[in-house]
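Readers should treat all values here as calculations from the given coordinates under stated rules, not as data from a laboratory. A quick note: this is a predicted structure, and the numbers were derived from the prediction, not measured. Cβ placement follows ideal geometry from the backbone for every residue including glycine, while neighbour counts extend to all protein chains displayed.
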Amino acid sequence: MSDTLQKFMFDNSLVRGELVDISEAWRQVQLLRAYPPAVGAMLGEMMAAAALLSANLKFNGTIVMQIHGDGPVKLMVVECDAALKLRATAKLADGAQVTDGTTLQQLVNRHGEGRFAITLDPADKLPGQQPYQGMVALDGESISTVIENYMMRSEQLDTKLWLAADLQVARGLLLQKLPDEGGKALSGEADTDAWNRAVMLASTISHDELLSTDIMTLMQRLYWEETLRVFEPLHPAFRCSCSREKVGNMLKMLGKAEIDDALADLGKLEINCDFCGRHYGFDKVDCMQLFVTSTLTDAVQPPGNQQH
Ligand SMILES: [Zn+2]
């Protein structure tokens, strides 16, 4: 079965929801690297969260969730673009041992120095435009709590998340209460209690139930008494956006001196994508070309005018 994201709305209310199953994409992420269960659960949940938030935004670009951890997990990165193409990776500290049941705080915030950033990187950036980045406080025992708090603080939006992942499955449910701008959004008898009911019913599903039940069954089980507007399902999938050109740009940013040093040591640069494992080789000639293809504008720019 392919991965699915199902959006729905409670009839005559400002409550919207999304259920997602990205198990297939999550298993593909793990073809490259096996993770200890506690790390896998967290990364899988982050992937589900990224898909839910991405589908929820009117934003043509990529959501990047990045945690720089100070515990056994050094780095976790999840990206999801507007077409719901996902990729993810995690890096553990050398020799790190992670036992089952290790908590989020123990994994990435052991000394209170973990950093979690959510970046919105527009697909069509204007020249000089910087991606938007928000810092997420790592104040909770689960990814869902941490993101709920962030959404409340940064967007003033009531958002509830239920996430569950193991090494096979990654699923999630998002509920959101939209602001009623001037009370005009609804006609006639507005269902003002829908939010309370939606959250209360969702709170009855256990973590294990979310892991073991497909999302259509879950929607039925939770909301069979409700009138829902159900949208066309969307299909998230794993896809890596790496390319030879992007790797070349990264090498260019390191600078010619650094590259020459590395070439002198290694003879050839071998780069493997952290997300998909694709291999990129740059020999001396390839590297030389990186630095001679600079545009005329670069060549004539006076040294004092360069931006760093
Ligand atoms: Zn890649």
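Some points to look at:
- Residue of Asn196, Asn249, Asn109 that the Gaussian network model of the chain assigns the largest fluctuation, springs spanning Cα pairs under 10 Å: Asn249
- Here the dipole of region 1-155 is about 300 debye; that uses its Cα centre as origin and unit charges on the Cβ of Lys and Arg (positive) and Asp and Glu (negative).
- The chain - Cys residues lacking any other Cys C-beta under 4.7 Å: Cys80, Cys287
- Of the residues Leu201, Thr213, Val169, the one whose Cα sits farthest towards the positive end of the charge dipole of region 151-243 is Val169 (charges of +1 on Lys and Arg Cβ, -1 on Asp and Glu Cβ, taken about the Cα centre).
- Pairwise inverse Cα distances across region 107-154, averaged and inverted, put the Kirkwood hydrodynamic radius at 12.3 Å.
- Fraction of antiparallel bridges per DSSP, the chain only, in percent to nearest 5: 95
- Cα gyration tensor of the chain - equivalent ellipsoid semi-axes, whole Å, descending: 40, 24, 18
- From largest to smallest, the equivalent ellipsoid semi-axes obtained for region 94-223 from the alpha-carbon gyration tensor read 30, 25, 14 Å.
- C-alpha long axis of helix 143-155 to longest principal axis of the chain, angle in °: 90
- Average silhouette area of region 1-149, convex hull of alpha-carbon atoms, in square nanometres: 10.7
- Dipole of the chain computed with +1 at Lys/Arg Cβ and -1 at Asp/Glu Cβ about the Cα centre; of Ile271, Leu104, Pro233, farthest Cα towards the positive end is Ile271.
- Gaussian network model of the chain, Cα within-10 Å springs - most flexible of Phe282, Phe238, Phe116: Phe282
- Tilt relative to the chain, helix 23-32 - C-alpha long axis, 0 to 90 degrees, to 10: 20
- Counting beta carbons within 10 Å around each of Ser206, Ser13 and listing the fewest first gives the order Ser206, Ser13.
- Cα centroid separation - region 22-59 against region 193-260, whole Å: 7
- Angle between the chain longest axis and helix 244-254 axis [Cα atoms, degrees, rounded to 10]: 60
- The magnitude of the dipole of region 1-57, with charges of +1 and -1 set on the Cβ of Lys/Arg and Asp/Glu and taken from the Cα centre, is near 140 debye.
- Centroid-to-centroid separation of region 82-128 and region 132-177 [C-alpha atoms, Å]: 13
- Positive dipole terminus of the chain, leading residue within Pro37, Pro122, Leu157 (C-beta point charges): Pro122
- Neighbour-limited loop hits for GluC sites (Glu not before Pro), region 94-169 (at most 11 other Cβ within 10 Å; DSSP other than H, G, I, E, B): Glu141
- Sequence of Arg171, Arg110, Arg229 once ranked by neighbouring C-beta atoms within 10 Å, starting from the fewest: Arg229, Arg110, Arg171
- Shape analysis of region 57-137 based on the Cα gyration tensor places the equivalent ellipsoid semi-axes at 29, 13, 10 Å, largest first.
- Most fluctuating residue given options Val292, Val169, Val29, as computed from a GNM of the chain linking Cα atoms under 10 Å: Val292
- Taking Trp162, Trp224, Trp195 and counting other C-beta atoms within 10 Å, the order from fewest to most: Trp224, Trp195, Trp162
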